[in-house]
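Remarks on the structure that follows.
The values are calculated or read from the model by the stated rules, or taken from the named source; none is laboratory data. Source: prediction; values computed, not measured. Backbone-built Cβ (ideal geometry, glycine too); neighbour counts: all protein chains shown. With ligands, DNA and RNA removed, areas are computed over all heavy atoms of the protein, side chains included. Shrake-Rupley method; radii C 1.70, N 1.55, O 1.52, S 1.80 Å.
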Amino acid sequence: MKKIAIITLVLFSFSLQSCQKEFEDKLVNFSELPEKAKETVNLHFSDLEISYVLQEGFLCCTSYEVVFSNGTELQFSRKGEWEEIDCKTNAVPLALIPQEINDYVTRQHPGQYVIQMEHERKHYGIELDNQLEITFGSDFRVIGYDD
């Protein structure tokens, strides 16, 4: 009985090690991105040079990161939907910013622009070029400020 337990433990240990390798990040070609992600890059960032594309996770937990030579970083879900756009000091393309958020920034923070944006299930977070961070609920109402 003890031998079976030891053998089971050893096999389980090897399984975990091989499974862990599947979860490691790996460089992939642009062509391996989901179609929706490729469309976003081609439509809104075609003037930038891609440094690398990284596949993170495995199976249902897969996500992608596209990094450009100017430092801009895009995060995409496994379905190719953007999750985070970080343009460092440059403006996020207006077409990617929900209209309600853009209207709010234009109205409440004239002269400022969005340099970073993230979208999670129930909220959007943005950072303006003056480092002010604003969080919006899924209904686009402001739920928080951070400076």
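If the requirement is being surrounded by 13 or more Cβ atoms within 10 Å (Cβ to Cβ), touching a Cys at 6+ places or on another chain (Cβ under 9 Å) and within 25 Å of S31 (Cα to Cα), which of these qualifies: G80, G71?
G71
Somewhere in segment 131-147, is a residue open to solvent by less than 20 Å² (accessible area, probe 1.4 Å) and closer than 18 Å to A37 by Cβ? Looking through segment 131-147, none of the residues is open to solvent by less than 20 Å² (accessible area, probe 1.4 Å) and closer than 18 Å to A37 by Cβ.
When you scan segment 19-26, do you find a residue that is at pLDDT below 95, among the charged types (D, E, K, R), within 18 Å of E84 (Cα to Cα) and in a loop (DSSP other than H, G, I, E, B), even just one? Before you say what the answer is, go through the steps one by one.
Residues of segment 19-26 at pLDDT below 95: 19-26.
With among the charged types (D, E, K, R) added as a condition, the list becomes 21-22, 24-26.
Narrowing further to those that are within 18 Å of E84 (Cα to Cα): 25.
The next check asks that each one be in a loop (DSSP other than H, G, I, E, B); those that pass are 25.
Yes, segment 19-26 contains a residue that is at pLDDT below 95, among the charged types (D, E, K, R), within 18 Å of E84 (Cα to Cα) and in a loop (DSSP other than H, G, I, E, B).
L94 meets the conditions (1) more than 15 Å from the chain's Cα centre (by Cα); (2) on the phi < 0 side of the Ramachandran plot; (3) surrounded by 14 or more Cβ atoms within 10 Å (Cβ to Cβ) in every case but one. The failed one is (3). Only one entry of G125, G71 meets the criterion of being touching a Ser or Thr at 6+ places or on another chain (Cβ under 8 Å) and small (G, A, S), and that entry is G125. Scanning for something among the aliphatic types (A, V, I, L, M) and either open to solvent by 30 Å² or more (accessible area, probe 1.4 Å) or assigned to a loop (DSSP other than H, G, I, E, B) (or both), does segment 113-129 turn up at least one residue? So far as segment 113-129 goes, no, none of its residues is among the aliphatic types (A, V, I, L, M) and either open to solvent by 30 Å² or more (accessible area, probe 1.4 Å) or assigned to a loop (DSSP other than H, G, I, E, B) (or both).
Of the numbered conditions (1) within 18 Å of H119 (Cβ to Cβ); (2) open to solvent by less than 90 Å² (accessible area, probe 1.4 Å), Q99 satisfies every one except a single condition; which is it? Status for Q99: all satisfied but (2). Right, F136: among the aromatic types (F, W, Y), touching a strand residue (DSSP E or B) at 6+ places or on another chain (Cβ under 9 Å) and in a strand (DSSP E or B) or not? Judged against the criteria, F136 is a match. Counting only strands (runs of 3 or more DSSP E) that sit completely within segment 37-107, those holding 1 or more residues that are over 20 Å from R121 (Cβ atoms), at pLDDT 95 or above and in contact with a Leu (Cβ under 9 Å, 6 or more places away or on another chain) correspond to 50-56, 63-68.
Out of curiosity, is I50 open to solvent by 30 Å² or more (accessible area, probe 1.4 Å), of a type in the set (V, I, T) and within 18 Å of N29 (Cβ to Cβ)?
Values: open to solvent by 30 Å² or more (accessible area, probe 1.4 Å): yes; of a type in the set (V, I, T): yes; within 18 Å of N29 (Cβ to Cβ): yes.
In short, yes.
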